[in-house]
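First up is the structure itself, then whatever we jot down about it.
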Amino acid sequence: MSEIANNISSILEKINDYAATLIAVSKTKPNDHILEAYNGGQVDFGENKVQELVSKSESLPSDIRWHMIGHLQRNKVKQIAPFVHLIHSVDSERLLMTVENEGKKINRKINCLLQVHIASESTKFGFDEPELLNLMEDQKILSLQNVSIVGLMGMATFTDNKEIIKNEFTGLKALFDQIASRNTPPHIEMKELSMGMSGDYIDALNCGSTMIRVGSSIFGSRNYA
Ligand SMILES: *Cc1c(COP(=O)(O)O)cnc(C)c1O
């Protein structure tokens, strides 16, 4: 077995007791590394740049499920709308409406997660809690037709302090449960909670994550941050 496939197996073994999906974050990594993972049975891959996502999707097997996990500009939505499996990084109402419009043009319902700002750094994107709760009562959102909001995504603060990270994950899970308990239309359903990366995915799973986004523990370190 290749080293990449090996890394995936050992992560899958560790998360075996959780009902969670492993997303292999392949940003900056070449197609042959992605194929090593794919040939080992991995089907969910995450990228953070539209151009890279589009070019990889064109040259790799068509049954790969591509996840957009990075900040998404509205003018680039149409490039990924036809094939993206799930957009994790919807961080504004305007972006959500753009996804709706692009989905309408191609008659496709596009799965989205709303990104929530849980970290203490101001650089991370996402809704804050009051914004998100307001959005959930917004008539435009309640009447979307070409978007399915299937959950939430968050990124913890970049720190070694496990308590900070766990608090942020716990807060996001509470928000997820709060929205899940509401009476929402069928296109808004809290099914997936995307949280956890190489350094913190076990903590995230213990806090209720259903999707972990793991890059460096699978493919090795990247040359840029
Ligand atoms: C790069 C990235 C990851 C994966 O990070 P690792 O620490 O390499 O596992 C997860 N989520 C997002 C949004 C990323 O940009």
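Laboratory data are not the source of any read-out in this text; all were calculated from the coordinates shown. In this text the structure is predicted, and so the values were computed from the model without any measurement. Cβ coordinates were reconstructed from backbone atoms using ideal geometry, including for glycine residues, and neighbour counts include every protein chain displayed.
Rank G196, N134, Q178 by how far each Cα sits towards the positive end of the charge dipole of the stretch 127-225 (+1 on Lys, Arg Cβ; -1 on Asp, Glu Cβ) and give me just the farthest.
G196
So which of K14/K173; K56/K140; K140/K166; K29/K162 end up more than 25 Å apart, counting from Cα to Cα?
K56/K140; K140/K166; K29/K162
Quick one: dipole size for the stretch 119-225, taken about the Cα centre, charges +1 on Lys/Arg Cβ and -1 on Asp/Glu Cβ, in debye to the nearest 20.
Dipole size: approximately 320 debye.
Beta carbons within 10 angstrom, averaged per residue: use that to sort the peptides 148-154, 133-139, 48-54, highest first.
Highest-to-lowest ranking by the protection proxy: 148-154, 48-54, 133-139.
If you find the alpha carbon centre of the stretch 77-134 and of the stretch 1-59, how far apart are they in angstrom?
Rounded to whole Å, the Cα centres lie 22 Å apart.
Please give the charge dipole size of the stretch 34-174, origin at the Cα centre, charges +1 on K and R Cβ atoms and -1 on D and E Cβ atoms. Round to the nearest 20 debye.
520 debye
Over the chain, what is the relative contact order in whole percent, taking alpha-carbon pairs under 8 Å and six or more residues apart?
Relative contact order here is 20 percent.
When the Karplus curve 6.51 cos²θ - 1.76 cosθ + 1.60 is applied with θ = phi - 60°, which whole-Hz ³J(HN,Hα) does each residue of the stretch 57-68 get, with x for Gly and Pro?
5, 6, 10, 10, x, 6, 8, 5, 9, 8, 10, 8
Where does the chain land at 222 nm, in deg cm²/dmol rounded to the nearest 500, when only DSSP H runs of n ≥ 4 count, each adding -39500 (n - 2.57), divided by all residues?
-11000 deg cm²/dmol
Please label the shape of the chain as rounded, prolate or oblate, based on the square roots a ≥ b ≥ c of the eigenvalues of the alpha-carbon gyration tensor (a/c under 1.5 means rounded; beyond that, a/b larger than b/c means prolate, else oblate).
Oblate is the answer for the chain, as a/c is 1.5 or above yet b/c matches or exceeds a/b.
Nothing charged except the Cβ atoms of Lys and Arg (+1) and of Asp and Glu (-1): what's the magnitude of the dipole of the stretch 1-99 about its Cα centre? Round to the nearest 20 debye.
480 debye
³J(HN,Hα) across the stretch 157-166 via Karplus (A = 6.51, B = -1.76, C = 1.60, θ = phi - 60°), whole Hz, x for Gly/Pro?
Result, rounded to whole Hz: 4, 7, 8, 8, 6, 4, 5, 4, 4, 5.
Which of S143, F169, S209 sits closest to the plus end of the dipole of the stretch 67-225, meaning its Cα is farthest towards the positive end, when Lys and Arg get +1 and Asp and Glu get -1 on the C-beta?
My answer, from the dipole projection, is S143.
Rank A19, P30, G40 by how far each Cα sits towards the positive end of the charge dipole of the chain (+1 on Lys, Arg Cβ; -1 on Asp, Glu Cβ) and give me just the farthest.
P30
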